[in-house]
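The values are calculated or read from the model by the stated rules, or taken from the named source; none is laboratory data. Values in this document were obtained by computation on a predicted structure and should not be read as measured data. We place every Cβ from the backbone using ideal geometry, glycine too, and count neighbours over all the protein chains shown.
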Amino acid sequence: MPNAQSPTVRHRRLARQLRQQREKSGLSMEQAAAALGWSRPKLLRFETAKTRPKPSDVEAMLDLYGGDEAAKLALMQLARDIRKRGWWSAFNDVLAGSFAELEDDATRIRNWQVQSVPGLLQTSDYALALIRIGSPDDSEDVVLRRLQARMARRAILERRNGPSYNVVLDEAVLRRPVGGAQIMARQLDALISAAQKPHVSIRVIPASAGEHACMDGAFVILSFPGDMDPDVVYLEGMGGEIYIEDVGQVNRSNVRFDRLCDQALSEEDSMALIAAIAKEYQQSDESQH
């Protein structure tokens, strides 16, 4: 289970805009809280996305702050939308919702992977092999539920308004025979097919590149619509999920990803390498039968 939760994108956006509306009105937090008949900590929790306000709370704040009626209507709709159930809610038993919500709302995803193919690009056989080795004590029913959830995530890349998805893989990901040669050959073919989508870019850091800017582990950078929501960096490990929102750390992660791209093979050369390794797996599988 995650050890650090992050509010949904809609919740973060609402909190930020409520704070901005208060500041535009010229009211301090103490003055606004007093006028609303609330404690300062209550208002602070709303403005920092620690607590989800009810639509009636949002309406009371906006009535106090005044301002444009269209902006008020938009924020009221946002307040209602933050409680909407997404596709991930059907998998609450096996899936932590925070990352799924952020991923679903992102307009750009940048992903550096060193151990395995990213979930959004996994075939069902490859995913099943990873789930079984990662959760050896789970029943078969739970394993299959996890697989269903992972396959449901992939629909993001099939949407007409799907996010821009930039992936950099360490060559070791391609060389590690998860599930065996046949499964790996199909997985690598699936990577080549995914890379044909106009919004998907897959590149490889070859082993020959030597040291590079991101040798301390995998990470995902999620970007969101407009300028209201800053990027979030997502890390996952044995200790659970970690979300980094500090602007300085996020900027450093973006710079490091850019440097990683500078050292990666071009998309064309990456596809050639993936195809060559897929052929090796196919030949290996044929030799075993």
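A search for C-beta distances below 6 Å between a residue of segment 133-146 that is assigned by TED's automatic domain parsing to the domain that holds Gly180 and any residue that is surrounded by 13 or more Cβ atoms within 10 Å (Cβ to Cβ) and of a type in the set (Val, Ile, Thr), counting only pairs 6+ apart in sequence or on different chains, returns Val143/Ile131; Arg145/Val94; Arg146/Val94; Arg146/Ile131. For segment 217-249, residues that are of a type outside the set (Ser, Thr, Tyr) and in contact with an Asp or Glu (Cβ under 7 Å, 6 or more places away or on another chain) total 5.
Where strands (runs of 3 or more DSSP E) sit wholly within segment 160-247, none has at least 3 residues that are more than 20 Å from the chain's Cα centre (by Cα) and surrounded by fewer than 17 Cβ atoms within 10 Å (Cβ to Cβ).
For the criterion of being modelled with pLDDT of 90 or more and part of a helix (DSSP H, G or I), Gln17 fails.
Inspect all residues belonging to segment 106-121 and state whether any of them is among the hydroxyl-bearing types (Ser, Thr, Tyr), within 14 Å of the chain's Cα centre (by Cα) and farther than 21 Å from Gly217 by Cβ. The answer is yes; a qualifying residue exists.
Do we have Arg22 as outside the structural domain of Pro225 (by TED's automatic domain parsing) and either at pLDDT below 85 or outside any helix (DSSP H, G or I) (or both) here? When the stated conditions are applied, Arg22 does not pass them.
Residues in segment 200-216 that are at pLDDT 95 or above and of a type in the set (A, V, I, L, M, F, W, C) were compared, and the one that is farthest from Leu273 (Cα to Cα) is Val200. If the condition is being in a helix (DSSP H, G or I) and over 16 Å from Ser116 (Cα atoms), then segment 149-159 contributes Ala149, Ala152, Arg153, Ala155, Ile156, Leu157, Glu158.
Here segment 161-199 is the region considered, the condition is being more than 15 Å from Glu280 (Cβ to Cβ) and out of contact with any helix residue (DSSP H, G or I) (no Cβ under 9 Å at 6 or more places or on another chain), and the residue that is modelled with the lowest pLDDT is Asn161. The set of residues in segment 127-144 being surrounded by fewer than 18 Cβ atoms within 10 Å (Cβ to Cβ) and part of a helix (DSSP H, G or I) consists of Arg132, Ile133, Gly134, Glu140, Asp141, Val142, Val143, Leu144. Checking each residue in segment 231-250 for being among the small types (Gly, Ala, Ser) and touching a residue at least 12 places away in the same chain (Cβ under 8 Å) picks out Gly237, Gly239, Gly240.
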